[in-house]
Amino acid sequence: MNTLSLLVLFSLVGSGTAPSGTFSMVAYDSLTGELGVVVQSRAFNVGMAVPWVEAGVGAIATQASTNESFGPKGLKLLQSGLSAQETLDWLIEHDPGKDHRQIGVVDAKGNSASFTGEQCLSWAGDSTGYGFACQGNILAGKGVVEGMIKAFQETDGELGERLLAALVAGQKAGGDKRGKQSAALLIVRPSEEFPEYNHRYVDIRVDDHKEPIKELIRLYRILEATDLTESHLRFAETYEKEGKPDLARREREWVGRTLKRVLKEGTKNAGLLNALAWSVATHDMFLEEALEAAKRAVKLEPKSWEILDTLAEVYFRLGNRKKAIEVEERALKLSPGDKYLKEQIERFRKGGK
């Protein structure tokens, strides 16, 4: 779609919503192709208005006197082939309320752009670099943006980890000077085999909370040990098929890192421990750590046949068929007549995978 077609397609921008203090970062990971937005505000439900992301296209944060149409319109502009800066320029040029707007854009090549209108409430400002744009308004000072960028650049790990570190640093520097209320993290990851990740790879919102950033991180840790673990294992298998063992290894290392962190932190969430143990055991990875996680889960919920089944599976994968059968028989007593558990016991006896 050319620029002229886009001009016909898009109407002029509206007046937007009332100003709200917000700090955010849009970012691109060149290793995985992930694109994401993280944001916090002293306003309700910031995750519904600010972040807009599409895999292979770009990420946009629209805030201050928020014009939410910048999100879908901006993504269409990026999809048409415009760069981050060209997209931002088009949006601002066609917005009569531009002096009250703030926007950050990053495209799927890592190019970035940011804009802060002259009438945004102070402190307001932005900064960009390769693969990120950081911006905020009604902040304690420019140290918020500076702290976010420093944390993002110095933090190791996945894009989600780095974006959360940036949010924590921004709050530590004073954040929204009116306080805290909501936060969100939205990340997409390109995948032909799993197209759902093109629209939602990580999608967490805290709409109304006294400590929205802490709650956002708590929820991310659960996601990391459940859905994201499964995602990494999926990508590992895909990379293996494509003859990319180094990339497959990296995906598995992220899973191991999560498992070891969960064990070190001593979580009391039996479901989380169980999910992690099952995922790694059924992929014959980190079996000693999986055994520890499964044992802890059983200790927390000794009457759960599902968790006992996981422990039995881990024992079996470790080569301890006798112990596997013993534990699975305990599970069967809790769920008498269960066909699946009976089949598991028979499988353990025969030694088949």
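Any read-out appearing in this document is the output of simple, stated calculations on the displayed coordinates, not a laboratory observation. Predicted model, so just to flag it, every value in this text is computed and none were measured. Note: ideal-geometry Cβ built from the backbone for every residue, glycine included; neighbour counts use all protein chains shown.
Among the listed residues Val105, Val144, identify the single one that is within 20 Å of the chain's Cα centre (by Cα) and among the β-branched types (Val, Ile, Thr).
Numbers: Val144 fails: within 20 Å of the chain's Cα centre (by Cα).
Result: Val105 is the single residue among Val105, Val144 that is within 20 Å of the chain's Cα centre (by Cα) and among the β-branched types (Val, Ile, Thr).
One line per residue, one yes/no per condition, for (1) surrounded by fewer than 17 Cβ atoms within 10 Å (Cβ to Cβ); (2) assigned to a helix (DSSP H, G or I); (3) among the aromatic types (Phe, Trp, Tyr); (4) in contact (Cβ under 8 Å) with a residue 24 or more places away in the chain:
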| site | (1), (2), (3), (4) |
| --- | --- |
| Phe115 | no, no, yes, yes |
| Cys120 | no, no, no, yes |
| Gly136 | no, no, no, yes |
| Gly141 | yes, no, no, yes |
| Val144 | no, yes, no, yes |
| Ala166 | no, yes, no, yes |
| Lys180 | no, no, no, yes |
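Selection of first residues in the range 240-264 that are among the aromatic types (Phe, Trp, Tyr) and of second residues that are part of a helix (DSSP H, G or I), restricted to Cβ pairs under 7 Å at least 6 apart or on distinct chains, gives the following pairs, ordered by first then second residue: Trp254/His232.
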